[in-house]
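The values are calculated or read from the model by the stated rules, or taken from the named source; none is laboratory data. Owing to the predicted nature of the structure, the values given are computational and were not obtained by experimental measurement. Cβ sites come from the backbone with ideal geometry, for glycine too, and all protein chains shown count toward neighbours. Heavy atoms of the whole protein, side chains included, go into the accessibility calculation; ligands, DNA and RNA do not. Shrake-Rupley method; radii C 1.70, N 1.55, O 1.52, S 1.80 Å.
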Amino acid sequence: MDRLTVLGGGVLASAEATLRPDWGVEIEGDKIRAVAPNSVLESQAHSSQILDARGLILCPGFVNAHHHAYGLLSHGIPMSAPAPRGLDRFLSDFWWPRIEDRLDGKMVEAAMALACLDMIRSGFTAFCDVLEAPLAGLDSLDVEAAVVEQSGLRGVLCLEASERHGVALGRQAILQNERFARERGRDGFIRGMQCLHTSFTCSESFVRAAKESATRVGCDLHLHLSESAYEPDECRRRYGVNPVFWYDRLGLWDRNVLASQVVVVTDDEMARLAEREVRVAHMPLSNCEVGGGIAPVPRMLERGLRPGLGTDGYINDPFDVMRGAFLLHKAAARDPSVMPAQTVLAMGTAWGAEAIGLPDLGTLAAGRPADFIGIDAQSDTPLTAENATDQLVLFRSRSDVKLTVAGGRVLFRNGEVQTMDEEATRAAARREATRLWAGGGPRG
Ligand SMILES: [Zn+2]
């Protein structure tokens, strides 16, 4: 099996670990064989290729626990003035008619390619993507999978199923998720997931059908939960309870469910989610964009929930998202002691990996998947074992990511993505975005 020795400026093996200066990583196949001092690795490296990354700190790759690749095509699209008020109006007056319902296969493909390029350069090695393109065709997941496969990233892919365009189309999305998850299994770089939208676009029988499908195929299930006050308000109006308890009645919750957003929830709802061992993804920046509010993450942590971090297809720099999580909750709680950098880094790596069902990621150790990145170690103030996490989380950005390795394969080095044609990818994205903005997609 191929061996590669990556000599590092240091290794931060996990969010909880201490920086070890002058350490590196040895890879065999798609796994880590050793994490050790460079001197030891060099002395054992006869049959190994050597990659000199001594100017970089090696740490676990970031995990984007909630992404919408198609969202990248919408960046900068002019909105009506004034912007729609409230998340429900944002969706019904803007996002659904102008974006989601206009997407076709070519746009989906171009968006995913751009998203993968962007993630590789940003230091993500794994992600979970929710495609909300109900009219784009039944093979959308396969179109996306071909792109992700070429990129070398690990991807968990699903179509968002809802009854927004009627029961029949919604049920087809459930079946496509089931088919894709079954075909992909649970061992490869690309996996499937069942996925429903919300309690205001899915009926009780539809939620049950999605859950039964996930159970049948043995895959995880994803949903958006209470992204703004609209969903709990509407759920109480329709069903007399908050969404967490409505879903609880339907038997949805267990450790195989990933709830994204989770912004407007009560303490009782958080307690129930924790009790049912539900996984959570947090999107601090997109929550701001849609005026959803600030998710009660410090209270989730107190209850034992371990949220991953996602970009939501909005601002996709992992450092920006981590800084958002680091800062917003301090301001909201008026307490600088909440959300230390270590916690935020855990959310961006190991907890995100747990959230999307890849719990082996997020720690660099022998036998673990060889998914890691190299961040420029140069800094104007000392970078030490004591402050490494703060330096990396608070004072770096994606342009400081110089190396991305997923499953033992080098995806990015020397300023170049190794697995994709960057120019062609960007050109296709610009072309498809222009078509989307002009309203060229499927909506009749
Ligand atoms: Zn989302």
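If you plug each phi of the range 224-240 into the Karplus form 6.51 cos²θ - 1.76 cosθ + 1.60 with θ = phi - 60°, what whole-Hz ³J(HN,Hα) values come out, in order, with x for Gly and Pro?
Computed from phi, the couplings for the range 224-240 are 8, 10, 6, 6, 8, 5, 4, 5, x, 4, 5, 5, 5, 5, 7, 10, x Hz.
Semi-axes of the equivalent ellipsoid for the range 1-98, please: Cα gyration tensor eigenvalues, times 5, square-rooted, ordered largest first, whole Å.
Each semi-axis is the square root of five times an eigenvalue, giving 47, 15, 11 Å.
Leaving ligands, DNA and RNA out of it, report the carbon-plus-sulfur percent of the accessible area of the chain at a 1.4 Å probe.
Roughly 48 percent of what the probe reaches on the chain is carbon or sulfur.
For the range 275-342, evaluate the Debye formula with one uniform point scatterer on each Cα (no solvent term) and list log10 I(q)/I(0) at q = 0.17, 0.18, 0.27, 0.29 Å⁻¹, rounded to two decimals.
Evaluating at q = 0.17, 0.18, 0.27, 0.29 Å⁻¹ gives log10 I(q)/I(0) of -0.59, -0.66, -1.34, -1.44.
Can you pull the accessible area of residue 212 for me, 1.4 Å probe, Å² to the nearest 10?
110 Å²
Hey, what angle do you get for helix 167-184 against the long axis of the chain, alpha-carbon based, 0 to 90 degrees rounded to 10?
Once rounded, one gets 20 degrees.
Counting each DSSP H run of 4 or more residues in the chain as -39500 (n - 2.57), what helix-only mean residue ellipticity at 222 nm follows after dividing by all residues, to the nearest 500 deg cm²/dmol?
It lands at -10500 deg cm²/dmol.
With a 1.4 Å probe and all protein chains in place, put 329, 75 in order of accessible area, largest first.
The ranking, largest first, comes out as 75, 329.
Among the lysines, which fall within straight-line cross-link reach of residue 402, defined as a Cα-Cα distance under 20 Å, with same-chain neighbours fewer than 8 residues apart omitted?
Reachable lysines: none.
With springs connecting C-alpha atoms under 10 Å apart, model the chain as a Gaussian network and identify which of 29, 313, 152 has the largest mean-square fluctuation.
Between 29, 313, 152, it is 29 that shows the largest mean-square fluctuation.
Over the heavy atoms of residue 121, what accessible area does a 1.4 Å probe trace out, to the nearest 10 Å²?
My reading of the accessible area for residue 121 is about 70 Å².
Once the principal axes of the Cα atoms of the range 19-154 are found, what is the range along each, listed largest first in whole angstroms?
63, 33, 18
In Å², what does the accessible area per residue of the chain work out to with a 1.4 Å probe?
Accessible surface, normalised per residue, equals 39 Å².
Counting only other residues whose beta carbon sits under 10 Å from that of residue 66, what net charge do I get with K and R as +1, D and E as -1?
Here the charged neighbours net out to -2.
Find how many whole Å separate the alpha carbon centroid of the range 313-353 from the alpha carbon centroid of the range 5-20.
Their Cα centres are 21 Å away from one another.
Hand me the GluC sites (Glu not before Pro) from the range 1-87 located in a DSSP loop with no more than 14 other Cβ atoms within 10 Å, in residue order please.
Sparse-neighbourhood loop GluC sites (Glu not before Pro): 16.
To the nearest 10 degrees, how steeply does helix 204-217 sit against the main Cα axis of the chain, on a 0 to 90 scale?
Taking Cα atoms only, the helix is inclined about 40 degrees.
As I understand it, the value is the acute angle between the Cα axis of helix 105-122 and the longest principal axis of the Cα atoms of the chain; what does it come to in degrees, rounded to 10?
It is inclined by approximately 40 degrees.
Can you pull the three principal axis extents for the Cα set of the range 112-208, in Å, largest first?
40, 24, 21
What do you get when you divide the Cα radius of gyration of the chain by 2.2 N^0.38 Å, with N the number of residues?
0.95
Return the single residue from 53, 210, 45 with maximal mean-square fluctuation; model: Gaussian network over the chain, springs between Cα atoms under 10 Å.
45
Can you pull out the cysteines in the chain that have no other Cys Cβ under 4.7 Å?
Cysteines of the chain left without a disulfide-compatible partner: 59, 116, 128, 202, 219, 235, 288.
Just add up the charged neighbours of residue 394: K/R +1, D/E -1, any other residue whose Cβ is under 15 Å from the Cβ of residue 394.
Here the count lands on -3.
Keeping all protein chains in the complex and leaving out DNA, RNA and ligands, what accessible area do you get for residue 302 with a 1.4 Å probe, in Å² to the nearest 10?
150 Å²
I want to make sure I understand the PRE zone here: with the label point 7 angstrom from the Cα of residue 94 toward its beta carbon, which residues in the range 292-328 have backbone N atoms less than 12 Å away?
292
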